[in-house]
Each structure stands twice: as C-alpha cells, then as structure tokens.
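Trainee: Here it is, the structure in full.
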Amino acid sequence: MTTRTSDGGRIELTDLCKRYGSGPLVVDHVTIDIASGEFVTLLGPSGSGKTTTLNMIAGFTEVTAGGIRLAGRDISLLPPHRRNFGMVFQNYALFPHMTVAQNVAFPLRERKVPKAEIERRVGEVLELVDLGGLGGRRPDALSGGQQQRVALARAVVFSPSVLLLDEPLSALDRKLRQSLQQEIKRLHQELGLTFVFVTHDQDEAMALSDRVAVFNSGRIERIGSPADLYREPGTRFVARFLGESNLFDGRLRADGVYEWNGHKWAAPAADGTPEDIDLLVRPERLRIATAPDEPPPGANQAPATVTSLSFQGTHLRIELDYGGGVAGCAVVPPDAAGDGLRPGSRIIAHWDPGHQALATRN
C-alpha cells in the first residue's frame, strides 16, 4: 500500500460531555487537540470515560454537549459512515462467511470502488500487514493475531484520515500483544494517519504513543508525552497509574524543604498549598546503601526495611517498607545490592533530588 502524508486528520474535542439520562457526566468537559498524523492514546481504568470519548469521536455515541471538529469542520452530528474513519475493535468484528480478501475489500465495495482497484488495494494492504497469500482463507482458519491483522487491513484499506482503535490487543496473550504493538507502530509511521487508541494498559500506551491522555472519572487528568508523564506525572493518580513510585505524603515547606515522618529532604519549590503535594521517586532512580556513609553528599535518604527481593534477569527488584504505612521498591542492577541483603535487612534508600518529582493529591 502506498505510504502517504496524513491530510485532514486533525481532531479537536472542545468541552466534550456525555450524560446518560439524568445521571452524572461520564465524560466531563474533555478538551484535546490531536494533530494531523499524531498517535494519541486515551488511557485510564474501566469507567474513566475513555471508550465513551472514542465512541463519540466515531459517531457511535451521541454527544451531550461540546464539539468535535475534523480539519476545522464540525462533525458532532454526522453519522459514523460520513466521518470516513477507520475503526478497529477488540473482538475483530470480521464476517465469518467471507474470506480474508473479501473482509478487507468490504469497505471498498461499499464505496463502489472499481473491481480492479479493489483487487490492487486489497493485495497491497495484505502485504502491508504480512498476510500476503492468506487472502483465500476464512477467519476461523486464522490465529487471533492474524485475525487482528485482517481487522487492521480492513480499517486502513480505504485510506481514512483517522484510525480509531478500541483496545484492539486486549484479547491477545502478552507475547503476541507485544508483537502487534510493533506492527501498529510501523503502520502509523508508514501510513501517516492520525491514530486515536484506547487502552487500560499503561505499558501499551507508553510504547506506542506520541502523547497519552490519562482519564480519571470522566476527565483528562493529564496529557503529555510518555516520557514527560512518567518523569513529571503531576498528580498522585497519574503517578500511581503510570508505573510504580516510592510515594511520600509529607509537607513541602516554603523554603524548599520537604518534610516526611521526621525526615527533611531538599525539594524544588512548588505552586499551591504545601499540604497538597506528594514527593515521588521512581524505583529505577532509587539507590540502596547498607552503611550510613555510603550515600553521596547532597542525596536525600530514608531508612527502610527490605521485605522481599526478586531476581529478574536484567535487574534486582527490592520491596521496601519505610514505616508510617508507606511501602515502595527499588530496581537496581543484579550485583548492586551485595550478597548480604535479605528480607528483614535494614538499609538506607537514597536518591538525587534532581531525580524526584512532586505530585498534587487527588
């Protein structure tokens, strides 16, 4: 299939809302500007509003308030078939009585594309998703991963400007899911379409996306690049949802000192009420010392008890209890902790103040 630069795939959601009957808003004033050719993932737990938002973009769910614009044109009231979006579902939604080639050709036949052109496009897109030679098979003769490739081929064969993907990999096993993640990323790069992807899997969102919109109770809690959200999650909810953290619920003083459980740590100044700020350190930023003189000068540090250790090949995972009801973990090289470390060992967790972040409490 001929690659191209995306044209007209910019999506703008402005104060988008959805309410069923007289109930509360399930999508609550969501605003996001998705650039043409961008890969944006809507990430959040079940019931957070991400799938409802995708369904409003697709036209399957009626908008209660707010607007949806495509390339500057309001499409809020357009039926799904007039939005011309590609759609990939979790359950593949293939026609069981049709062959692979017939499934992929279906949207082209609906658009009255000439037969010779259909054959050409179907052949190209099947090669694109590594299904060349399987056009004559029926879906029940394919693996789950192959069926999802057929669904992807069908969704892009008519060259839509936008591809919407609703948890397309959640029914697959982990190894196959990782393989198809790379296929989806490759398709995005080659086709240049705008991708809007829904998932509850943080690793999937981080691996695929240009930007991630983290949903919480119908609202976008935070939006940014995967790296930015991981390093500076901004809120406790995002910090906990995107990866693991050593999270301390202390108090930030006006002089740039963070107090927790009798400890005083160097911290950057922050806007807002000091009592509303948590301090977090990601596990890979934490270091372990067994003697008081080991942490380098200027390091923030906290004593902790090792509760468990697990060797995971490339790293050692150390579960920690800081006291005060706070647990955390460190991820260190396999030989970094020494041979004497075991559950019950007392250690000093330490970190560079430049490797911590502050997060507001939700």
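Where a number appears in this text, it was derived from the coordinates with a stated rule and is not lab data. Please read these numbers as outputs of a predicted model, since none were measured by experiment. Virtual Cβ from ideal backbone geometry, glycine too; neighbours counted across all protein chains shown.
Trainee: Compute the long axis of helix 144-156 from its Cα atoms, compare it with the longest principal axis of the Cα atoms of the chain, and write down the angle in degrees, 0 to 90, nearest 10.
Mentor: So the inclination is approximately 60 degrees.
Trainee: I'd like the trypsin sites (Lys or Arg not before Pro) in segment 61-143 restricted to DSSP loop residues with at most 12 other Cβ atoms within 10 Å, sorted by number.
Mentor: Arg111, Lys112
Trainee: Is the shape of segment 11-231 rounded, prolate or oblate, going by the alpha carbon gyration tensor and its root eigenvalues a ≥ b ≥ c, with a/c under 1.5 for rounded and a/b larger than b/c for prolate? Mind dumping the intermediate values first?
Mentor: Working: a/c = 1.89, a/b = 1.47, b/c = 1.29.
Because a/c hits 1.5 or more and a/b exceeds b/c, segment 11-231 counts as prolate.
Trainee: Relative to the first principal axis of the alpha-carbon coordinates of the chain, what is the inclination of helix 115-128, with its axis defined by its Cα atoms, in degrees from 0 to 90 and to the nearest 10?
Mentor: Compared with the principal axis, the helix lies near 20 degrees.
Trainee: If we sort 161-174, 281-294, 187-200 on the protection proxy, mean other Cβ atoms within 10 Å, highest first, what's the order? Working shown, then result.
Mentor: Working: 161-174: 19.6, 281-294: 16.5, 187-200: 21.4.
Packing proxy ranking, top to bottom: 187-200, 161-174, 281-294.
Trainee: If you don't mind, there's one more thing I want to ask. Give me the net charge of Leu247's neighbourhood, meaning all other residues with Cβ under 12 Å from the Cβ of Leu247; Lys, Arg count +1, Asp, Glu -1. Show your work: numbers first, answer last.
Mentor: On the way: positive: Arg236, Arg240, Arg282, Arg361; negative: Glu244, Asp249, Asp278.
With Lys, Arg at +1 and Asp, Glu at -1, the net is +1.
Trainee: Let me ask something else. Summing -39500 (n - 2.57) over the DSSP H runs of n ≥ 4 in the chain and dividing by its residue number, what mean residue ellipticity at 222 nm do you reach, to the nearest 500 deg cm²/dmol?
Mentor: Details: 9 runs with 88 residues, N = 362.
After summing the helix terms and dividing by residue count, I get -7000 deg cm²/dmol.
Trainee: Taking amide hydrogens as modeled 1.01 Å from N in the peptide plane, which residues meet the under 5 Å criterion relative to Glu38, leaving out close sequence neighbours?
Mentor: Distant-sequence amide H within range of Glu38: Phe195.
Trainee: Mind putting a number on the dipole of the chain about its Cα centre? Charges go on the C-beta only, +1 for Lys and Arg and -1 for Asp and Glu, and I need it in Debye to the nearest 20.
Mentor: With only Lys, Arg, Asp and Glu charged at Cβ, the dipole is about 1260 debye.
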